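Contents: one structure, followed by commentary.
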Amino acid sequence: MQTNQIIQSLIDNQIVSINLEKPFRYASGILSPIYTDFRLTISIPSLRDMIADGLAENIKNNYPDATVIGGVATAGIPHAAWVAERLNLPLIYVRAKPKDHGAGKQIEGRITKDDKVVLIDDLISTGGSVLGAVKAVRKEGVNVIGVASVFTYGLPDANKNFADADTKLVPLLSYADLIAQGHKENKFSDEEYSRLSTWHKAPWDWTKREEANAK
């Protein structure tokens with residue numbers, strides 16, 4: 001698997017941004033010194049091909065019984081489409097909420113009660129979005145056997161949320177791997193690497209300190 005090459009491409013294409021002075025606010029409320037814009041990956045053919053190959057390999061190895069690939073709207077949809085093509089499997093996608101018109105669907109595409117679905121999202125912070133999609137598919141009586149993601153921050157909240165939802169997560173890339181390689185390639189200084197590691201161990205504590213310092 002080309003994980004080192006993928007991380008290198010993420011760094012070279014400035015998909016990873018570091019700002020220790022003005023941290024980024026995630027949807028979960030966490031402040032972070034690092035931001036990863038994985039939506040940019042769809043515009044870089046060589047990178048998106050490596051990601052699709054890696055996700056397809058992960059799914060074959062970890063979810064060999066999968067019969068349907070699902071994309072989580074919106075960022076997971078293109079990756080799911082490329083993976084479904086590689087695996088020659090049907091594709092569905094799941095909206096954040098049901099449509100407010102027409103048939104009111106939340107899930108687009110065809111699935112049956114006998115299917116075994118793997119959902120794909122681009123990035124996992126606390127897991128709220130993709131686990132909402134998992135819940136929507138399971139509500140239809142369909143088996144979601146797990147989630148695959150391009151990247152995970154590996155935060156404690158996400159680990160707990162996936163465990164509580166009895167859902168397996170198989171990421172292609174992790175935060176720890178990303179910052180380790182960035183440090184090795186001299187993209188992050190020793191101080192930046194240390195602070196990035198500190199944030200990862202206790203992001204909510206880090207957030208509280210940053211908010212207190214800003215007052």
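The values are calculated or read from the model by the stated rules, or taken from the named source; none is laboratory data. Everything quoted here is computed from the prediction, not taken from an experiment. Cβ sites come from the backbone with ideal geometry, for glycine too, and all protein chains shown count toward neighbours. Surface areas here come from the heavy atoms of the whole protein model, side chains and all, with no ligands, DNA or RNA. Shrake-Rupley method; radii C 1.70, N 1.55, O 1.52, S 1.80 Å.
I'd like to know if the stretch 131-149 contains one or more residues that are of a type in the set (D, E, K, R) and touching a helix residue (DSSP H, G or I) at 6+ places or on another chain (Cβ under 6 Å).
Taking the stretch 131-149 and keeping what is of a type in the set (D, E, K, R), we get 135, 138-140.
After this cut, where a residue has to be touching a helix residue (DSSP H, G or I) at 6+ places or on another chain (Cβ under 6 Å) as well, the list is none.
Scanning the stretch 131-149, I find no residue that is of a type in the set (D, E, K, R) and touching a helix residue (DSSP H, G or I) at 6+ places or on another chain (Cβ under 6 Å), so the answer is no.
Any chance you could count how many residues in the stretch 165-181 are under 20 Å from Ile34 (Cβ atoms) and surrounded by fewer than 17 Cβ atoms within 10 Å (Cβ to Cβ)?
Number satisfying all stated conditions: 2.
Hey, can you tell me all the residues within the stretch 187-200 that are under 24 Å from the mean Cα position of the chain (by Cα), open to solvent by 50 Å² or more (accessible area, probe 1.4 Å) and modelled with pLDDT of 90 or more?
Scanning the stretch 187-200 gives Tyr193, Ser194, Thr198.
Residues that are farther than 30 Å from Ser189 by Cβ: find the helices (runs of 4 or more DSSP H) completely inside the stretch 1-91 holding 2 or more of those. Spell out how you get there, then give the answer.
Values: elements: 3-12, 45-62, 76-87.
Where helices (runs of 4 or more DSSP H) fall fully within the stretch 1-91 and carry at least 2 residues being farther than 30 Å from Ser189 by Cβ, they are 45-62, 76-87.
Select, from Lys135, Lys184, Lys116, the only residue that is modelled with pLDDT of 95 or more and either more than 25 Å from Arg39 (Cβ to Cβ) or buried (at least 16 other Cβ atoms within 10 Å of the Cβ) (or both).
Among Lys135, Lys184, Lys116, only Lys116 is modelled with pLDDT of 95 or more and either more than 25 Å from Arg39 (Cβ to Cβ) or buried (at least 16 other Cβ atoms within 10 Å of the Cβ) (or both).
Among the residues of the stretch 152-164, is any open to solvent by 40 Å² or more (accessible area, probe 1.4 Å), within 20 Å of Ile59 (Cα to Cα) and not in a strand (DSSP E or B)?
So far as the stretch 152-164 goes, yes, one or more of its residues are open to solvent by 40 Å² or more (accessible area, probe 1.4 Å), within 20 Å of Ile59 (Cα to Cα) and not in a strand (DSSP E or B).
All but one of (1) within 26 Å of Ser174 (Cα to Cα); (2) open to solvent by 40 Å² or more (accessible area, probe 1.4 Å) hold for Ile59; state the number of the condition that does not hold.
Failing condition for Ile59: (2).
Determine whether Ala96 is of a type outside the set (Asp, Glu), open to solvent by less than 70 Å² (accessible area, probe 1.4 Å) and touching a residue at least 24 places away in the same chain (Cβ under 8 Å).
No.
Only one of (1) over 14 Å from the mean Cα position of the chain (by Cα); (2) under 16 Å from Thr36 (Cα atoms); (3) of a type in the set (A, V, I, L, M, F, W, C) is not met by Trp206, so which one is it?
Every condition holds for Trp206 apart from (2).
Counting only residues that are aliphatic (A, V, I, L, M) and in contact with a Lys or Arg (Cβ under 7 Å, 6 or more places away or on another chain), which one in the stretch 116-146 is nearest to Thr74 (Cα to Cα)?
Val144
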